[in-house]
Amino acid sequence: MNRRLALAVLTIAGLSLPAAAMAGTYDTGATDTEIKIGNTNPYSGPASAYGQIGKTISAYFDTVNAAGGINGRKINFVSLDDGYSPPKTKEQFRKLVESDQVLFVFQSLGTPTNSAVHAYMNREKVPQLFVATGATKWGDPDNFPWTMGWQPNYQTEGRIYANYIKQNLPNAKIAILYQNDDYGKDYVQGMKDGLGSMAGKMIVAEESYETTEPTIASQIIKLKASGADVLFNVTTPKFAAQAIRKVAELEWKPTHFLNNVSNSVGSVMNPAGAENGIGIISSFYTKDPTDPQWQTDAGYKAWSDWMDKHHPDGDKKSSFTVYGYTVAQTLVQALKQCGDELTRANVMKQAASLKDLELGMLLPGIKINTGPKDFFPIEQMQLGKFNGTSWELFGPVINGEVGS
């Protein structure tokens, strides 16, 4: 009996050891077959143009799943509408974390909305990963180790415009239109920091708006009346298009700088009247899908073919579909690096261990790099000018100053 029992124990042990060796290490939201990822996007409300990002990410994950998933696990992408409303975002995040029990939340969009859940996610130790906002506070691993940005931060971008103005428009009179929250104020701070001691003299007017306002026409009228010959337009897509139209309607001819998050040809420039945007300057880190120079580029061809086959309802003239595709690729790389250790801590560790990652729709020379103390994945940009059809890049790729 004892010998049989011993043989039985050995047999069971022999069968179970390989299974144990193959099993992964998991936190809530991950199993041998699934990685559950949460997301919020403004599919409705004043920033609904950004909804294309969430739809593109979802389509990309469907493609990944059809090819077998990541390390044999399929992505379960739970994307909820928050209407760009911070109270709604709080509600949706609690649902994702406490009810849906996701492993982490990825690419939640908006500065005010992410700000509403910033402390909660870090208190709960759930990754708030690659948020769709460039506020500088997303790169603070010492105080908020569970939150990481992705795109170039807004202060860096503001400094880039300021440096261009100092070099090319030294006598400029600058008017600023900005959204009255951390998103808008971050850009303004970057502009002022970049102008340095000249800021007080060069900035002649500032007007803010609330996302609940139906129009920003009155703000544009006041800014024109200031006598400014430069306009720094810090807005989300709906208000960016309104501003471009109103500037044209008033026959105001400032040198017009438009922030990166609203330079989509399909979602902003065309709705504003493409002819009204001629000459506007913005900044870029991804390839503009409307720019003819990329038509023979391998990265563009791969994106275009993917759009045709896997996301035919997506807008091929919109930078938002490029953005969604590229940030999804970034996450897939981080998850591949996780291997079979799908814990929240390892997800953050691998997201902070990206080295010289080159992706097809990033501009040439721009690479993704992160580290334990560097939560700013992209810190390079290039300026471009709108020609009525597409954006024409000019000048060198510029390295960012904040977080470098």
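The values are calculated or read from the model by the stated rules, or taken from the named source; none is laboratory data. This one's a predicted model, so the numbers in the text were calculated from it and none came from an experiment. All Cβ positions, even for glycine, are placed from backbone atoms using ideal geometry, and neighbour counts span all protein chains on display. Surface areas here come from the heavy atoms of the whole protein model, side chains and all, with no ligands, DNA or RNA. Shrake-Rupley method; radii C 1.70, N 1.55, O 1.52, S 1.80 Å.
The criterion of at least 1 residues that are under 24 Å from Gly266 (Cα atoms) is met by the following helices (runs of 4 or more DSSP H) wholly inside the stretch 15-134: 51-66, 111-124. For beta carbons closer than 8 Å, sequence separation of 6+ or different chains, a first residue in the stretch 136-160 that is more than 15 Å from Lys185 (Cβ to Cβ) and a second that is outside any helix (DSSP H, G or I) and among the hydroxyl-bearing types (Ser, Thr, Tyr), the qualifying pairs are Asp140/Thr147; Met148/Thr370; Gly149/Thr133; Gln151/Thr133; Gln151/Tyr285; Pro152/Ser283; Pro152/Tyr285; Ile160/Ser283. Being among the β-branched types (Val, Ile, Thr) and open to solvent by less than 10 Å² (accessible area, probe 1.4 Å) is the filter; apply it to the stretch 264-279 and report the residue that is farthest from Ile244 (Cα to Cα). Checking each candidate, the answer is Val265.
What number of residues within the stretch 186-201 satisfy the criterion of being small (Gly, Ala, Ser) and buried (at least 21 other Cβ atoms within 10 Å of the Cβ)? Here the count works out to 2. Test of understanding: among Lys301, Lys316, which residue is open to solvent by 30 Å² or more (accessible area, probe 1.4 Å) and outside any helix (DSSP H, G or I)? None of the others qualify; the one that does is Lys316. The residues listed here are Leu393, Leu354, Leu359; of these, the one that is touching a strand residue (DSSP E or B) at 6+ places or on another chain (Cβ under 6 Å), open to solvent by 20 Å² or more (accessible area, probe 1.4 Å) and not in a helix (DSSP H, G or I) is Leu393. Every listed requirement among (1) closer than 25 Å to Pro152 by Cα; (2) crowded, with 16+ Cβ neighbours inside 10 Å is met by Val204 save one, (1). When the residues of the stretch 110-131 are filtered to those that are hydrophobic (A, V, I, L, M, F, W, C) and open to solvent by less than 10 Å² (accessible area, probe 1.4 Å), the one that is farthest from Met348 (Cα to Cα) is Val117. Checking the stated criteria, Ala175 turns out not to satisfy the condition of being closer than 14 Å to Pro377 by Cβ and either at pLDDT below 95 or small (Gly, Ala, Ser) (or both).
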